[in-house]
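Below: one structure, written as structure tokens.
The values are calculated or read from the model by the stated rules, or taken from the named source; none is laboratory data. Everything numeric here is computed off the predicted structure, so don't read it as measured data. No Cβ is skipped: glycine too gets one built from the backbone with ideal geometry, and neighbour counts run over all protein chains shown. When the accessible area is computed, the model is the full protein with side chains, heavy atoms only, and any ligands, DNA or RNA have been set aside. Shrake-Rupley method; radii C 1.70, N 1.55, O 1.52, S 1.80 Å.
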Amino acid sequence: MNIFITGAPGYIGGTVAHKLIKAGHQVTGLARDINKAELLEKHGITPIVGSLDDLELLYNTSKDSDVIINTASTHHAFAIRSILEAIRNSGKTFIHTSGSSIISDNANGEYSSHIYSEDIPFNPVPEKAIWYAIERNLILPAAKDGVRSIIICPCMIYGTGLGVRTHSIQIPLMSKTAKRIGASKYVGSGKNIWSNVHIDDCADAYLLALENAKPGSYYYLESGEESLVNIANAISKSLGYEEPAMSMNLKEAVNIWGAPMSLSLSSNSRLNAEKARQMLGWRPKHHNIIDDILMKP
């Protein structure tokens with residue numbers, strides 16, 4: 001099939017593209033500039049130079065593709081509308097990438113026992129409300145308009161990617177910060193918990209969804225979970241620091257990580273991916289984020 005991926009130079013998009021090409025598909029990727037386009041070509045991806053703001057480009061490319069996979073933005077409503085309009089009543093597949101911070105809380109580093117499966121309702125924090133609205137009011141209802149719309153919602157992703165970008169966001173940021181200031185950090189008590197999934201397992205789920213998912217379906221992905229204090233301590237150990245990780249308040253975190261990332265890394269985001277295991281036949285092979293951190297200083 002001819003598959004168009006937005007976010008192809010990215011961590012998720014690049015790894016998904018790699019696996020799709022290996023499976024025999026033709027992949028076209030959106031690239032912001034010529035430099036990114038050249039990098040995509042080196043990975044066997046046919047580049048199209050443009051951005052999510054190039055709505056006519058998105059419309060035309062989507063219309064000419066068999067499958068569209070959005071890994072570029074969770075909340076660019078105009079881009080998503082253009083893609084869906086291009087494939088309305090076509091029966092074509094649109095796979096959208098969400099993220100488990102959509103069910104996160106404002107815990108300030110404290111523990112929560114709430115674990116979400118896809119059928120458990122929730123009210124998103126204001127910072128994530130647009131994600132929720134786009135998914136529930138735009139993407140999932142497209143299944144009634146002849147689009148095979150699917151949403152995949154990974155949690156904290158770790159491991160080495162197979163595309164242009166090989167590293168995730170959260171763990172590398174925490175590690176980079178620890179190197180810069182000489183100490184690994186977490187917010188509050190650090191007892192807040194995030195589910196996690198390895199990039200290799202995450203990408204496998206996209207291929208399984210392409211093969212097996214029904215229109216209008218939504219899948220959480222996770223293959224383990226860990227507290228942020230344990231993650232921060234593993235980073236400290238991997239860097240060879242004698243002292244364990246140190247607590248900081250949210251204001252300090254914002255100064256170091258910025259507001260959006262600080263809110264995420266001080267929240268709980270706990271998922272249950274039994275639906276993906278049962279309905280897609282997803283069988284993750286990696287289950288220990290701490291071991292992965294300790295292997296990569």
Checklist line | Within the stretch 153-297, percent of DSSP bridges classed antiparallel, to nearest 5 | finding: 25
Checklist line | For the stretch 51-103, alpha-carbon Rg relative to the globular expectation (2.2 N^0.38 Å, N residues) | finding: 1.12
Next item on the list: Excluding residues fewer than 8 places away in the same chain, name every one of the lysines whose C-alpha is closer than 30 Å to that of K42.
Entry: K19, K22, K63, K92, K176, K285, K296
Checklist line | Under Karplus coefficients 6.51, -1.76 and 1.60, residue-wise ³J(HN,Hα) of the stretch 229-238 in Hz, glycine/proline x | finding: 5, 5, 5, 5, 5, 5, 4, 4, 5, 5
Notebook entry, point to check: Based on the Kirkwood radius over alpha-carbon pairs, what is the Stokes-Einstein translational diffusion coefficient of the stretch 96-139 at 20 °C with 1.002 mPa s viscosity, in µm²/s?
Noted result: 185
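How charged is the neighbourhood of I103? Take every other residue with its Cβ under 15 Å from the Cβ of I103, and add Lys/Arg as +1 and Asp/Glu as -1.
-3
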Notebook entry, point to check: Which residue, L239, L162, L30, tops the fluctuation ranking in a GNM of the chain built on C-alpha contacts under 10 Å?
Noted result: L239
Notebook entry, point to check: So what are the stretch 1-121's ellipsoid semi-axes, whole angstrom, largest first, if each one is the square root of 5 times an eigenvalue of the alpha-carbon gyration tensor?
Noted result: 28, 17, 15
Item checked: Heavy-atom accessible area order for I45, I130, I290, largest first, 1.4 Å probe -> I130, I290, I45
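Can you compute the charge dipole magnitude of the chain about its Cα centre, using +1 on each Lys and Arg Cβ and -1 on each Asp and Glu Cβ, nothing else charged? Give it in debye, rounded to the nearest 20. The partial results should precede the final answer.
On the way: 28 positive and 29 negative charges, 30 e Å.
Value, rounded to 20: 140 debye.
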Next item on the list: Excluding L210 itself, calculate the net charge of residues whose Cβ lies under 14 Å from the Cβ of L210, where each Lys or Arg counts +1 and each Asp or Glu counts -1.
Entry: +2
Notebook entry, point to check: Within a Cβ distance under 14 Å of R165, other residues only, what is the Lys/Arg minus Asp/Glu net charge?
Noted result: +3
Margin query: For the stretch 154-202, what does the relative contact order come out to in percent, with C-alpha contacts under 8 Å and a separation of six or more?
Written below: 55
Notebook entry, point to check: For the chain, what does the equivalent ellipsoid look like in terms of its semi-axes, each the square root of 5 times an eigenvalue of the Cα gyration tensor, given largest first in whole Å?
Noted result: 32, 21, 18
Notebook entry, point to check: Rounded to the nearest 5, what is the percent of antiparallel bridges among the DSSP beta bridges in the chain?
Noted result: 10
Check: ³J(HN,Hα) across the stretch 278-292 via Karplus (A = 6.51, B = -1.76, C = 1.60, θ = phi - 60°), whole Hz, x for Gly/Pro?
Finding: 7, 7, 9, x, 6, 10, x, 9, 10, 9, 9, 5, 5, 4, 5
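How much space per residue, in cubic angstrom, does the convex hull of the C-alpha atoms of the stretch 69-155 take up?
Dividing the Cα hull volume of the stretch 69-155 by its residue count gives 98 Å³.
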Item checked: Globularity ratio of the stretch 184-297, using Cα Rg and 2.2 N^0.38 Å -> 1.24
Check: With point charges of +1 on the Cβ of Lys and Arg and -1 on the Cβ of Asp and Glu, referenced to the Cα centre of the stretch 221-290, which listed residue (L221, A253, S238) lies farthest in the positive direction of the dipole?
Finding: L221
